[in-house]
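Have a look at the structure below, then the notes.
The values are calculated or read from the model by the stated rules, or taken from the named source; none is laboratory data. Just so it is clear, the model here is predicted, and its values are computed rather than measured. Every residue, glycine as well, gets a Cβ built from its backbone with ideal geometry; the counts of neighbours run over all protein chains shown. These area figures cover heavy atoms from the full protein model, side chains too; ligands, DNA and RNA do not enter into them. Shrake-Rupley method; radii C 1.70, N 1.55, O 1.52, S 1.80 Å.
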Amino acid sequence: MEPKLYRIIFPVSDIELAEKFYSSILNKKGTRVSPGRHYFNIGGTILACYDPIADGDEQGNWKFHENQYIYISVVDLEKIRNSMKVFNCESLGEIEKMPWGETLFYANDPFGNPICFVDKNTVFTGN
């Protein structure tokens, strides 16, 4: 069997806000799987929002390092970017065309997790 990325965990400090944010941005409700975990299926990979305190775990060090972005392809970049403004995201870049051909923008979710949205018609996978 070919290895497959099936889940990414994003640490959050407020599971209710995470559910609201990603439901709005991804236009899907997702599934609450425990008091501190809410899963969103994005093309076969699960984006798992994880609030360790709500789940009864110790806080720990659940921050990603800079530039460890996940990339999500979407139909309407402008709509997604405008939706993110409502949530006061720490960082919200401009939509730009990259040298390898993708049109995208970089941002951080309300919890500081790095994320990149890419126009689905410009996704480049190295082929």
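One line per residue, one yes/no per condition, for (1) touching a Lys or Arg at 6+ places or on another chain (Cβ under 7 Å); (2) of a type in the set (Phe, Trp, Tyr); (3) within 28 Å of LEU17 (Cα to Cα):
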{"position": "GLY93", "(1), (2), (3)": "no, no, yes"}
{"position": "TRP100", "(1), (2), (3)": "no, yes, no"}
{"position": "PRO114", "(1), (2), (3)": "no, no, yes"}
{"position": "GLY126", "(1), (2), (3)": "no, no, no"}
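Would you check which residues across the range 81-110 are modelled with pLDDT under 90 and either surrounded by 14 or more Cβ atoms within 10 Å (Cβ to Cβ) or among the aliphatic types (A, V, I, L, M) (or both) and list them?
Hit for the range 81-110 is CYS89, nothing else.
Under 7 Å by Cβ, and 6 or more places apart or on different chains, what pairs join a residue from the range 93-104 that is closer than 19 Å to GLY126 by Cα with one that is assigned to a loop (DSSP other than H, G, I, E, B) and open to solvent by 80 Å² or more (accessible area, probe 1.4 Å)?
That search, which allows pairs on different chains as well, returns TRP100/PHE124; GLY101/PHE124; GLU102/PHE124.
Take THR125 and tell me if it is surrounded by fewer than 18 Cβ atoms within 10 Å (Cβ to Cβ), in contact with a Phe, Trp or Tyr (Cβ under 7 Å, 6 or more places away or on another chain) and at pLDDT below 95.
Taking the combined requirement at face value, the residue does not satisfy it.
Tell me yes or no: at least one residue of the range 59-80 is surrounded by fewer than 11 Cβ atoms within 10 Å (Cβ to Cβ) and touching a Lys or Arg at 6+ places or on another chain (Cβ under 7 Å).
Yes.
How many residues are part of a helix (DSSP H, G or I) and open to solvent by 90 Å² or more (accessible area, probe 1.4 Å) when one looks only at the range 2-15?
So the answer is 0.
Can you go through GLY36, GLY30 and tell me which one is within 15 Å of the chain's Cα centre (by Cα), surrounded by 15 or more Cβ atoms within 10 Å (Cβ to Cβ), small (Gly, Ala, Ser) and farther than 18 Å from CYS89 by Cα?
Result of the check over GLY36, GLY30: GLY30.
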